[in-house]
Amino acid sequence: MGWTEAGRRAAGARALSVRFFRDLMDCAVTNLLINIDHVATLRNARQESFPDPVHAAARCEAAGADGIVFHLREDRRHITERDVRLLKETVKGKLDFELSTNDEVVAICCDVVPDLATLVPERREEVTTEGGLDVQATRDRLEAVIPRLYNAGIPQVSLFIEPDPAQIEAAADVGANCIELHTGDFANAATEADQRAIARQLADGARAAHDAGLRVHAGHGLDYTNFPLFADEVPHVQEVSIGFAVMARAILVGMEPAVRAMRRVVKGY
Ligand code: PXP
């Protein structure tokens, strides 16, 4: 049956309003996920059982975090398998499992079934994750790992990448449904002009990813002072992953005030 003119107009209006509300929600709500790896680093420095990252996660959620992030490293330098299992049982919001494509860690992730698996590059010598994945160079490995994650029941698979159009296209190509834009260079920029220039590259990346149907996340080095400029410039960011800035403040003022303050910054009030 063909379309009548009135039907065509109604369908057009419906599609427009769905898009309008999707974009509105997309802009209005940025989820704040807190990375608790540094709590485990402190615990492990003295080979102690405290401070416990699982307790820290509960405090973060009580203070309004939308979810918790951890990175189970191949060398287990901070988060351990015990932490992962308990976080899965206790975190009420979104659980983001950061991992490399190492077979053993992928198997643990598939067994735990977090809400989101974020694939990151990993080098033993690095102090923290140093940059985005090279999706093109690691395509074969990613194409083997990503279906394993989905088949285990993990609904979202994200790739931590630079705001490079070729990487974004490759991320969609290998089957990720999210990307996390690496904001480390933005955070480390020496001047505001440099920071704005990098933010514009991040904005182009975010738009390209959004147009390709990918969810856009961001993280690394975001803090209480640089976030407003980032939010001003970069659209479509549905989720941010923030660790160091919040943990550094939490040591001085307590976990809940530190998370609440970051929540106010991220939510814009
Ligand atoms: N996103 C990813 C992929 C990371 O590896 C990290 C650092 O662990 C973060 C976000 C958070 O970075 P920061 O601790 O600087 O806030």
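The values are calculated or read from the model by the stated rules, or taken from the named source; none is laboratory data. Quick caveat: nothing in here was measured; it's all calculated off a predicted structure. Reconstructed Cβ throughout: ideal geometry from the backbone, glycine too, with neighbour counts over all protein chains shown. Side chains are part of the model used for accessible areas, which takes the heavy atoms of the whole protein and leaves out ligands, DNA and RNA. Shrake-Rupley method; radii C 1.70, N 1.55, O 1.52, S 1.80 Å.
Of everything listed in (1) in contact with a helix residue (DSSP H, G or I) (Cβ under 8 Å, 6 or more places away or on another chain); (2) among the small types (Gly, Ala, Ser); (3) open to solvent by less than 10 Å² (accessible area, probe 1.4 Å), the single unmet condition for Gly184 is (1). Determine if segment 170-193 includes at least one residue that is of a type in the set (D, E, K, R) and in contact with a Pro (Cβ under 7 Å, 6 or more places away or on another chain). No; the residues of segment 170-193 include none that is of a type in the set (D, E, K, R) and in contact with a Pro (Cβ under 7 Å, 6 or more places away or on another chain). Of the candidates Asp52, Asp96, Asp103, Asp111, the single residue that is acidic (Asp, Glu) and either modelled with pLDDT under 95 or touching a strand residue (DSSP E or B) at 6+ places or on another chain (Cβ under 9 Å) (or both) is Asp96. Taking the conditions (1) modelled with pLDDT of 95 or more; (2) under 21 Å from Asn44 (Cβ atoms) in turn, Glu122 satisfies each one other than (1).
In the list Glu162, Glu125, Glu143, which residue meets the criterion of being more than 21 Å from His38 (Cβ to Cβ), of a type in the set (Asp, Glu) and over 18 Å from the mean Cα position of the chain (by Cα)?
Working: Glu162 fails: over 18 Å from the mean Cα position of the chain (by Cα); Glu125 fails: more than 21 Å from His38 (Cβ to Cβ).
Selected residue: Glu143, the only one of Glu162, Glu125, Glu143 that is more than 21 Å from His38 (Cβ to Cβ), of a type in the set (Asp, Glu) and over 18 Å from the mean Cα position of the chain (by Cα).
Exactly one residue out of Glu122, Glu81, Glu98 is acidic (Asp, Glu) and touching a helix residue (DSSP H, G or I) at 6+ places or on another chain (Cβ under 8 Å): that is Glu81. Is there a residue in segment 222-240 that is acidic (Asp, Glu) and open to solvent by less than 10 Å² (accessible area, probe 1.4 Å)? For segment 222-240, residues acidic (Asp, Glu) and open to solvent by less than 10 Å² (accessible area, probe 1.4 Å): present. Close Cβ contacts (under 7 Å, 6 or more residues apart or on different chains) running from residues in segment 69-92 that are aromatic (Phe, Trp, Tyr) to residues that are in a strand (DSSP E or B) comprise Phe70/Asn35; Phe70/Phe97; Phe70/Glu98. Looking at segment 39-59, is at least one residue open to solvent by 50 Å² or more (accessible area, probe 1.4 Å), away from the ligand (no atom under 12 Å from the Cβ), out of contact with any Lys or Arg (no Cβ under 8 Å at 6 or more places or on another chain) and among the acidic types (Asp, Glu)? There is at least one residue in segment 39-59 that is open to solvent by 50 Å² or more (accessible area, probe 1.4 Å), away from the ligand (no atom under 12 Å from the Cβ), out of contact with any Lys or Arg (no Cβ under 8 Å at 6 or more places or on another chain) and among the acidic types (Asp, Glu).
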